[in-house]
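Structure first, commentary second.
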Amino acid sequence: MAGSFAQEAYPALYSLLIIPILVFVLNVCLFQAIGALALHGIYNVIFHPLRDYPATQLVWIYYRLTGQLVWKSIELHDKYGSVVRVAPNHLSYTTETAWKTIYGLRTVEMEKNCHAGFSRPGLKGAHGILSADKSNHARLRRILAPALSDKFVKYHDATIVKYVNLLVEKLHARCNQIPVDMNKYFEWTTMDLIGDLICGQPEGALQRENGGRWLEILTQLIQSQVWIQALETYNMVGWREYLLPKFRVQAAFENFKIINAKFEKRLANSTDRRDMLSYMISGKDNMTPMEMRLNAATIIGAGTGTTATWLSTAIHSLTTNPEVYQKLAKKIRTEFSTNSEITSDRAAQLPYLAALRTHCPSPSSTGRFVPPGGGIIDRRFVPAGTTVGVHQWLPAARESASPFANDNLAVVNPFSYGPRTCLGIKLTTAETRMILAKLFWHFDVEIMPESEEWTDRQKGTVAWHRTPLMCERRDKIL
């Protein structure tokens, strides 16, 4: 009120005194911010313990936020070798020995860097399996392992077949028509399947051919995660409500609300069906209600996005390599006489179904902290507290000119390595093999010209931001 009165009563005085003061304060703040950034940059270049490692010439966060860090990392590794500095306190490796040293079983485990991937401390003291410490990770792993085992996959073989057959049905309905975005169809399929396997509640995305609000939320979470990580790196996570668009912050709450509603509905209806939630409830080691929801969110994200990336990668790799595509199609159509013969067990006997080497579903590494006292990685000392990791994608990207050549498989670990290896390997492999087997048994698939360079146009942060993968499908020619 007083300020408003003064402004109205003495406009000239207000203009002469108040406005210049505000401008001065803003200039001081801006100068301090620029100065702090300059000092930070000078320290990183001249005084930082990792200053001798080759690094990006521009501020690393620019590449991180724009989704170009994975491509810049490849350039650095191609130019400087097996270890480069991709952030002020982050080293990236590409060797087999680095996998074993960083992720392997050791007395003093390298602690996960919760800023370097999806893993962040959970709510109300709970931790998901991605961010749990060593003891809690082992406990959660014991509970979840049966829910992602070979036995579980075989038990739900009919469920997997049901959704894959629905995918084929939807593609048949649009056969010989306009090209479709296979990314979307894979997302809808994997989203419905993982929802059914977790708590018996599919989203219905494939049936209506629309991912709906939940898929939008999952996409927003991925896009906002990289910004949250940047804020955490500079201890500014408390500012996220002010610096992030409101709809991105709200997405996390909406996602939890959806998962919580599904859990409440499932818990209110007892069933003899063994879904993933039943193992979380009946495990010998206790899993808190919050841990159930956090781990369900992790499984849903991995079971939807990364699996869809794997499938899209396979389609792109095969359709842009006609000889390999024809070889695979012939193997599948020779092995199976009818659609019903394609089961998880039978599809697993086709060793030629492999695409993870050519374009790993994760564009970043799972960071680890070097423990107190430092450590030796690839015969070179690394200071304590340094974030280190092997990029899932880099070793495969740097292989020979042919994406199907027999490269060094020891440096390609798309499901990670060591005691924290991804538990979902059995389910994901069974799911993708069956989808690809049925897809190529039923259809001749042709990639559209606008999608031939599909992998080169993607941006990668904590996950790939996939562009449309446009393909035509025709009934197979026998």
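Taking the condition surrounded by 13 or more Cβ atoms within 10 Å (Cβ to Cβ), at pLDDT below 85, assigned to a loop (DSSP other than H, G, I, E, B) and in contact with a Phe, Trp or Tyr (Cβ under 7 Å, 6 or more places away or on another chain), does L356 pass?
The answer is yes for L356.
Only one residue in E431, E446 is within 28 Å of K331 (Cβ to Cβ), surrounded by fewer than 21 Cβ atoms within 10 Å (Cβ to Cβ) and at pLDDT 85 or above, so which one is that?
After ruling out the rest, the residue left standing is E446.
Hey, V70 hits all of (1) at pLDDT 85 or above; (2) surrounded by 15 or more Cβ atoms within 10 Å (Cβ to Cβ) but one; which does it fall short on?
(1)
Would you check which residues across region 453-478 are in contact with an Asp or Glu (Cβ under 8 Å, 6 or more places away or on another chain), in a loop (DSSP other than H, G, I, E, B) and either crowded, with 19+ Cβ neighbours inside 10 Å or in contact (Cβ under 8 Å) with a residue 40 or more places away in the chain (or both) and list them?
Once the filter is applied, which keeps residues that are in contact with an Asp or Glu (Cβ under 8 Å, 6 or more places away or on another chain), in a loop (DSSP other than H, G, I, E, B) and either crowded, with 19+ Cβ neighbours inside 10 Å or in contact (Cβ under 8 Å) with a residue 40 or more places away in the chain (or both), region 453-478 yields P468, L469, K476.
So S362 passes all but one of these: (1) assigned to a loop (DSSP other than H, G, I, E, B); (2) of a type in the set (S, T, N, Q); (3) modelled with pLDDT of 90 or more; (4) within 25 Å of D192 (Cβ to Cβ). Which condition number does it fail?
Of the numbered conditions (1) assigned to a loop (DSSP other than H, G, I, E, B); (2) of a type in the set (S, T, N, Q); (3) modelled with pLDDT of 90 or more; (4) within 25 Å of D192 (Cβ to Cβ), the odd one out for S362 is (3).
Just name the residue that is modelled with the lowest pLDDT out of those in region 419-428 that are in a helix (DSSP H, G or I) and either surrounded by fewer than 16 Cβ atoms within 10 Å (Cβ to Cβ) or in contact with a Pro (Cβ under 6 Å, 6 or more places away or on another chain) (or both).
P419
Among the residues of region 374-417, write down those that are over 13 Å from Y93 (Cβ atoms) and modelled with pLDDT of 75 or more.
Matches in region 374-417: G374, F381, P383, A384, G385.
Out of A348, A329, I need the residue that is in contact with a Phe, Trp or Tyr (Cβ under 6 Å, 6 or more places away or on another chain) and surrounded by fewer than 22 Cβ atoms within 10 Å (Cβ to Cβ). Which one?
A329
With the condition kept exactly as written, say whether any residue in region 327-339 is closer than 29 Å to K438 by Cβ, without any contact (Cβ under 8 Å) to a residue 60 or more places away in the chain and among the acidic types (D, E).
Scanning region 327-339, I find at least one residue that is closer than 29 Å to K438 by Cβ, without any contact (Cβ under 8 Å) to a residue 60 or more places away in the chain and among the acidic types (D, E), so the answer is yes.
Could you tell me which residue of region 162-208 is farthest from the chain's Cα centre (by Cα), considering only residues that are of a type in the set (D, E) and not in a loop (DSSP other than H, G, I, E, B)?
E169
The values are calculated or read from the model by the stated rules, or taken from the named source; none is laboratory data. Values in this document were obtained by computation on a predicted structure and should not be read as measured data. With ideal geometry, Cβ positions are generated from the backbone for all residues, glycine too; neighbour counts draw on all protein chains shown.
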